[in-house]
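The values are calculated or read from the model by the stated rules, or taken from the named source; none is laboratory data. From a predicted model like this one, the values you see are computed outputs, not experimental measurements. We place every Cβ from the backbone using ideal geometry, glycine too, and count neighbours over all the protein chains shown. Just the protein is used for accessible areas: all its heavy atoms, side chains included, with ligands, DNA and RNA removed. Shrake-Rupley method; radii C 1.70, N 1.55, O 1.52, S 1.80 Å.
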Amino acid sequence: MTEHIVSSYDDDLKEISDGVISMGGEVLGALNNIETLLKSNDHELAQKIIKNDLIINDLGQSVENKVFNILASRQPMAIDLRIVFSAVKISLYLERCGDMCKGISNRVLKGDLNEAQSPETISLLVNMCSMVHSNLRIVMEDYSKKECENSVKVWKSDSEIDSLYSEILMDILNSIKTNPDATDALVPLLFIARYLERVGDQATNVAEETYFVVTGEDLEGLEKTEVENETTF
Amino acid sequence: MVDGTENDIKPNGNYSSDNNLLIDCKNVDVFYGDKQALYNVSLGINEKEVTSLIGPSGCGKSTFLRCLNRMNDVIDSCSISGNITINGEDIYNPNIDVVELRSRIGMVFQKPNPFPKSVFDNVAYGPRLHGKIADKDEMSHKVEASLVRAGLWDEIKDRLNEPGTSLSGGQQQRLCIARAIAVDPEIILMDEPCSALDPIATAKIEELIDELKTNYTIVIVTHSMQQAARVSQRTAFFHLGNLIEVGDTENIFRSPENEQTEAYVTGRYG
């Protein structure tokens, strides 16, 4: 796409996109830390993740302010309108991701991992965190390049995270059945799995928005099998 | 790439959104002397809808608008080919009564142009000219009804004998709209009707357009993308005399099919 006649309009749009990309970077950093946290049960790291959530919230607020100003001053149209509209939605999704990371950290601080004593389940949670991180990284890369091919793949592969979530759920329930005394120690892990599953959902939401920015079409309305045939990038 | 010389460009989007077609333009070429102003334009305009014509200055949108009521006939060097029908009737048929045609198609211009007459006589001018109303009471009723429809009655009902030119710019433009609708047209053509008005007067005209579309088919030329987005159901983008894209307004401003349309509506054209 060529540049605007009014060059400051390009600067304003870039600031909004850059703000969203920065938020994505912070959330990816938080997910990296969560992966380490699940392995290490490091309470200092948990505190750091919680503190980091404030930065994510501030970035989200900043994106919101910039969107407010550009709507009032430029009345964007077509691709510009899609960029601006999607920036609001993606920043909200990322803010929620930050909240999930904070939620996991709070559970760790409560000592959930101390009592869990279930290395297999923790290992599955680490895998899940890694998958979620990978998906979010891919869609944020697409977003920064204003491309959507890989976002569509992520959108289609979200069921893999859901499957892993179900596997963790079954694993925990089976452990509880065989060892009811471990119930109190295992249930908190369900919450952590749920938080990660929701971060995965946010990654697919970002994929949908990126697809909308690039194509002007709604990804959600299409059958997943159709998407492969209909999108040529 | 449109270079202004091609005559076989097929515009993106749908020529007409449904079968509610009132004005049907096919392969319209317009020349001013040797200079071609419109290239093979085919565009359908639906009844009781607002259609916006957008595009940069000199793209041919006003020329196209003026083809619809044969205003271009008054320019000696102008020649038109192609086919334009309204309700299936060829408006360039040599046997057609142009005065009667124009009574069916009102026009509002960029700059309000009330006649140097009273408010009353401005509105009564058309019905008198076309001999539609002879009775005085009936004429008073017609003037009142037209001013009510134009959203002006309450503001100027006590000033009917004052000169039309004494009204504010926004009131003058609504007076011109009242004058246009006094002859019961089917179609109202508007050529940048708000470009000389302040935001409040513009809002009143836009509100009026919204109300008028229940009874009239409106074609509006505008340079304001936001105005086109607000008031029209269909939008057509012209560039260098070619119709580049036509479609539902929502689609044109959300995700146009053509890159040139996108460049223009986002302010990247140049």
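The table below lists the values:
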quantity: FRET E, pair B:LYS117, B:VAL148, Förster distance 22 Å, beta-carbon r, rounded to 0.05; calculated: 0.65
quantity: For the range A:57-64, 3J(HN,Hα) per residue [Karplus equation, 6.51 cos²θ - 1.76 cosθ + 1.60, θ = phi - 60°, Hz, x = Gly/Pro]; calculated: 4, 5, 4, x, 5, 5, 4, 4
quantity: Average partner coverage of A:80-90, which counts Cβ from other chains inside 10 Å; calculated: 1
quantity: Over chain A: helical MRE at 222 nm, DSSP H runs n ≥ 4 each giving -39500 (n - 2.57), nearest 500; calculated: -30500 deg cm²/dmol
quantity: Within the accessible area of the range B:142-270 (1.4 Å probe), percent carbon and sulfur; calculated: 47
quantity: Long-range HN-HN contacts of B:ASN12 with modeled amide H, under 5 Å; calculated: B:GLU245, B:VAL246
quantity: Highest to lowest packing among B:60-66, B:257-263, B:177-183, scored as the average C-beta count within 10 Å; calculated: B:177-183, B:60-66, B:257-263
quantity: Filtered GluC sites (Glu not before Pro), the range A:121-176: DSSP coil and at most 16 other beta carbons within 10 Å; calculated: A:GLU147
quantity: C-alpha long axis of helix B:169-181 to longest principal axis of chain B, angle in °; calculated: 90
quantity: DSSP beta bridge pairing in the protein assembly as shown, given as percent antiparallel to the nearest 5; calculated: 55
quantity: Cα-projected label distance for A:SER134 with B:THR214, points at 7 Å along beta-carbon direction, nm; calculated: 6.0
quantity: DSSP beta bridges in chain B [antiparallel fraction, %, rounded to 5]; calculated: 55
quantity: For B:225-238, mean number of other protein chain Cβ atoms within 10 Å; calculated: 1
quantity: Where the range A:86-184 is the region considered: accessible area per residue in Å², 1.4 Å probe; calculated: 46
quantity: Backbone HN-Hα couplings from phi across the range A:145-152 [Karplus 6.51/-1.76/1.60, Hz, Gly and Pro as x]; calculated: 8, 6, 10, 9, 4, 6, 5, 4
quantity: Cut-off 9 Å between beta-carbons: net charge of the residues surrounding B:ARG174, Lys and Arg +1, Asp and Glu -1; calculated: 0
quantity: For B:257-268, mean number of other protein chain Cβ atoms within 10 Å; calculated: 5
quantity: Accessible area of the range B:127-270 divided out per residue, in Å², using a probe of 1.4 angstrom; calculated: 41
quantity: Table column - 3J(HN,Hα) (Hz), the range B:240-247, Karplus curve with 6.51, -1.76, 1.60, x for Gly and Pro; calculated: 6, x, 9, 7, 8, 7, 9, x
quantity: Area hidden from solvent between A and B (accessible, protein heavy atoms only, 1.4 Å, total, Å²); calculated: 1300
